[in-house]
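> Dumping the structure here so I can ask a few things about it.
The values are calculated or read from the model by the stated rules, or taken from the named source; none is laboratory data. Because the structure is a prediction, the values reported are computed rather than measured. Virtual Cβ from ideal backbone geometry, glycine too; neighbours counted across all protein chains shown.
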Amino acid sequence: MDDLVQGLGLVLPKQQRKRPYVAPMVPHTQQAKRLAEALAMTPAAEYAAWIRGLGAIKAAVTLGVLSDDDGQAMFAAWSEAAGPQATAQNDDTRFDPSAMWVRWSPSTAPADALLGALYAAARDAALDVVRDQITTDGALDGKGLNAARYVSRHHARAFKALRTELGNSQ
């Protein structure tokens, strides 16, 4: 077809290709740091949050952000931070972090969705800490400052809305 067009001296308009949206590339070290920060905002003591964290860490392994060994170590450390009441049943294979790591695999959820669910939960938990401390104490302690920093660093729109909300309530 191109030979025919050139032979006749025709000039066809170039087809415009619509470029699909491509998320900006973020180095794996920054992604791993964000994952660790999100886990710090999300308590592992509740089973649903624990499974959400497991899914997000496994997703990071799937995406190549973490090695399997690093992911397992991150999950074990985060699980142990849940406290004695939550870790009391770790001898039971249903709740043992090592056993869960080996046997749990995401079914149909995309890896990005698993990470997104953790990030949303971490955002909400951090916002709750900041709101509670400001309305109760009028100031932020160390935990509140860490929560505010997390939201400002990773959830700019939520942080802007929080500043507006808290500015209007005082």
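> For the stretch 27-67, what are the residues that are under 27 Å from residue 88 (Cβ atoms), more than 12 Å from the chain's Cα centre (by Cα) and not small (Gly, Ala, Ser)?
Listed by number, the residues that qualify are 43, 46, 47, 50, 51.
> Mind counting the residues in the stretch 59-97 that are over 19 Å from residue 111 (Cβ atoms), assigned to a loop (DSSP other than H, G, I, E, B) and either touching a residue at least 24 places away in the same chain (Cβ under 8 Å) or touching an Asp or Glu at 6+ places or on another chain (Cβ under 8 Å) (or both)?
4
> Taking the stretch 124-154, which residues are in contact (Cβ under 8 Å) with a residue 12 or more places away in the chain and touching a Phe, Trp or Tyr at 6+ places or on another chain (Cβ under 8 Å)?
Selection gives 126, 148, 151, 154.
> A further question on this structure: Collect the residues in the stretch 59-77 that are touching a Phe, Trp or Tyr at 6+ places or on another chain (Cβ under 8 Å) and surrounded by fewer than 20 Cβ atoms within 10 Å (Cβ to Cβ), keeping them in residue-number order.
72, 76
> Take the residues in the stretch 105-152 that are surrounded by fewer than 15 Cβ atoms within 10 Å (Cβ to Cβ) and among the β-branched types (Val, Ile, Thr), then tell me which one is modelled with the lowest pLDDT.
Out of the qualifying residues, it is 108.
> Considering every residue within the stretch 162-169, establish whether at least one is under 22 Å from residue 120 (Cβ atoms) and either within 20 Å of the chain's Cα centre (by Cα) or in contact (Cβ under 8 Å) with a residue 40 or more places away in the chain (or both).
Here is the first cut: in the stretch 162-169, the ones under 22 Å from residue 120 (Cβ atoms) are 162-166.
Subsequent filtering for residues that are either within 20 Å of the chain's Cα centre (by Cα) or in contact (Cβ under 8 Å) with a residue 40 or more places away in the chain (or both) retains 162.
Yes, some residue in the stretch 162-169 is under 22 Å from residue 120 (Cβ atoms) and either within 20 Å of the chain's Cα centre (by Cα) or in contact (Cβ under 8 Å) with a residue 40 or more places away in the chain (or both).
> Which residue is modelled with the lowest pLDDT, if the candidates are limited to the stretch 29-58 and must be assigned to a loop (DSSP other than H, G, I, E, B) and surrounded by 18 or more Cβ atoms within 10 Å (Cβ to Cβ)? If you could, list the steps in order and put the result at the bottom.
Applying the first criterion (assigned to a loop (DSSP other than H, G, I, E, B)) to the stretch 29-58 yields 42-46.
From the residues that got through so far, the ones that are surrounded by 18 or more Cβ atoms within 10 Å (Cβ to Cβ) too are 42, 44.
Numbers: 42: 93, 44: 89.
Restricting to residues being assigned to a loop (DSSP other than H, G, I, E, B) and surrounded by 18 or more Cβ atoms within 10 Å (Cβ to Cβ), the top hit is 44.
> Among the residues of the stretch 72-82, write down those that are under 17 Å from the mean Cα position of the chain (by Cα) and over 21 Å from residue 150 (Cβ atoms).
72
> Looking only at the stretch 78-103, count how many residues are surrounded by fewer than 17 Cβ atoms within 10 Å (Cβ to Cβ) and touching a Gly at 6+ places or on another chain (Cβ under 8 Å).
Matching residues across the stretch 78-103 total 0.
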